[in-house]
Structures are given as C-alpha cells and as structure tokens.
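The structure appears below as structure tokens.
The values are calculated or read from the model by the stated rules, or taken from the named source; none is laboratory data. Because the structure is predicted, anything quoted here is derived from the model rather than measured. In this analysis, Cβ positions are derived from the backbone assuming ideal geometry, glycine residues included, and neighbour counts consider all displayed protein chains. With ligands, DNA and RNA removed, areas are computed over all heavy atoms of the protein, side chains included. Shrake-Rupley method; radii C 1.70, N 1.55, O 1.52, S 1.80 Å.
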Amino acid sequence: MPRGLLIVVSGPSGVGKNTVISNLFSYSPNLKYSISATTRSPRQGEIDGLNYFFLSDSEFTKRIAAGDFLEWAKVYQHYYGTPRSYVEEMLTGGFDLVLDIDVQGAALIKKALPEAILVFLAPPSLNELKLRLMGRKTEMESEIMLRLQNIDKELHAVPEYDYFIVNREINLTCRQIEGIIQSERMKVSRQAPDFLDKIFQDE
Ligand code: 5GP
C-alpha cells in the first residue's frame, strides 16, 4: 500500500483554514484530519476529541516529556501539539493526512518528515483578514491584537513552504489543494521502488 501524503496547512488566524479544511474532505475521500492537542479553552461549539484534545498545562507537559508529540509549539500563549502515533498510523495505512498547524510547527514537521507538503494560505489582503477576524467574534480584542501581531512572523516563514495559495473563494482553494495532492501523488520520487517493473514487465 503506498504511503499516504502528509499535507500541512498554515496561514494567519482568520484566513479561513478551518472552513477550507472541512470542505476539503468532499474533494478528497482518502483524506483524514490530524486532531491536535491544545491547552487553550474550547471556543463555543468546539468539541473535545473532534476539534482538539483540550488538555491542562500539566497533562500537556507530561505528554511532551513522554515524546507523544511529533511537534509542539507555543502559539498565542497556549501550547499546541501534533500527536505522533495517529500521524504514523494514518500514513502507513495509506491515508492522506491534513494538519492545521502554525509556521513553527510546520518547520518542525518538515525537519522530522521531509516528505511533508507545506501549503501556506494567505488572505486576499490584510484589511480583509482584519475584517474576518473581527467579524467571527470568537476572540477577545486582546486575542485579536495578538493574532494580528503574529502575521509578520508568519509571512517571513513563507519561503519555507512548498505552495502558496491566496484564499479568495473556498471552493477554488479546495480545488487548488486537491490539485496539489494529485500532482504530489504522481511524483516519481513517491512511487514504489518496483513501479516500472509492474508496468513494463512481460506478461
Ligand atoms: P486556534 O487557537 O485558532 O485554533 O489555532 C491557533 C494556531 O495554532 C493556528 O495557527 C493553528 O494552525 C495552530 N495550531 C493548531 N494545532 C496545532 C499543532 O498541533 N501544532 C502547532 N504547532 N500549531 C497548531
């Protein structure tokens, strides 16, 4: 069974990552979502074990020490981490896996697993991003400021990414990501060692 693809999606808070990722599943039936762990409190409507594994600071620290995370980072004063076992299980099971993680985490993933495909989602403009962040009313004013201050750092990380997409329209963005997935799957470097023999051997 060919190993699944590991697709990391990052981008500024408010760019529409969650919406894009949740729509992506109707384009890619082979796709699974890696549920991260975090120490931040759940937002309205978020469910433990579905959106995130919501952990206390001490539980998170314990899991870092146990080596349970493939990567972890402190983002906006909270800890976020990618559980290692699920990622390996899905990839060896042949499933493609999408990770919604910040730029620090993406760099760590690429180091640990150079096969990872890094996709950066950008807003059409900074103004539109501000409007989206204020409009979603899920963060307090101070949290919004923190997220806006982080954008510079995020943009500096873009050269480390493999793909850059401006999220103008959700369906278009999903089709573009699906296009990336299809192309990556056809890369010669991703084929099984005997892929030529299988096709060109005599009957
Ligand atoms: P939010 O609190 O808005 O859900 O996420 C805040 C930031 O944390 C986003 O940039 C998101 O991509 C990032 N994030 C979510 N999960 C992880 C993770 O497991 N690792 C890292 N490094 N960042 C994460």
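The set of residues in the stretch 116-129 being of a type outside the set (A, V, I, L, M, F, W, C), surrounded by 14 or more Cβ atoms within 10 Å (Cβ to Cβ) and in contact (Cβ under 8 Å) with a residue 40 or more places away in the chain consists of Pro123 alone.
Yes or no: Pro124 of a type outside the set (A, V, I, L, M), more than 11 Å from the ligand (Cβ to nearest atom) and modelled with pLDDT of 90 or more? Yes, satisfied. Only residues that are closer than 23 Å to Pro29 by Cβ and more than 12 Å from the chain's Cα centre (by Cα) were counted in the stretch 114-139, giving 1. Restricting attention to the stretch 27-46, the residues that are buried (at least 16 other Cβ atoms within 10 Å of the Cβ) and either aliphatic (A, V, I, L, M) or on the phi > 0 side of the Ramachandran plot (or both) add up to 3.
Scanning the stretch 130-141 for residues that are within 14 Å of the ligand (Cβ to nearest atom) and either open to solvent by less than 70 Å² (accessible area, probe 1.4 Å) or closer than 16 Å to Arg40 by Cα (or both) gives Arg132, Leu133, Thr138, Glu139, Met140.
In the stretch 55-84, the qualifying residues are those that are out of contact with any Gly (no Cβ under 9 Å at 6 or more places or on another chain) and within 11 Å of the ligand (Cβ to nearest atom), and the one that is nearest to Ile151 (Cα to Cα) is Tyr76.
Within the stretch 85-114, residues that are within 22 Å of Asn150 (Cα to Cα) reach partners that are part of a loop (DSSP other than H, G, I, E, B) with beta carbons closer than 6 Å, at six or more positions or on different chains, in the pairs Leu99/Ser34; Val103/Ala157; Ile109/Ala116; Lys110/Ala116.
Quick one: would you say Pro12 is part of a loop (DSSP other than H, G, I, E, B), under 20 Å from Val75 (Cα atoms) and open to solvent by less than 40 Å² (accessible area, probe 1.4 Å)?
Spelling it out, Pro12 is indeed part of a loop (DSSP other than H, G, I, E, B), under 20 Å from Val75 (Cα atoms) and open to solvent by less than 40 Å² (accessible area, probe 1.4 Å).
As a summary of the residue check, Arg43 satisfies the conditions (1) part of a loop (DSSP other than H, G, I, E, B); (2) away from the ligand (no atom under 12 Å from the Cβ) except for the one numbered (2).
Of Ile165, Ile199, Ile144, all but one fail to be open to solvent by less than 70 Å² (accessible area, probe 1.4 Å) and farther than 23 Å from Gly45 by Cβ; the exception is Ile165.
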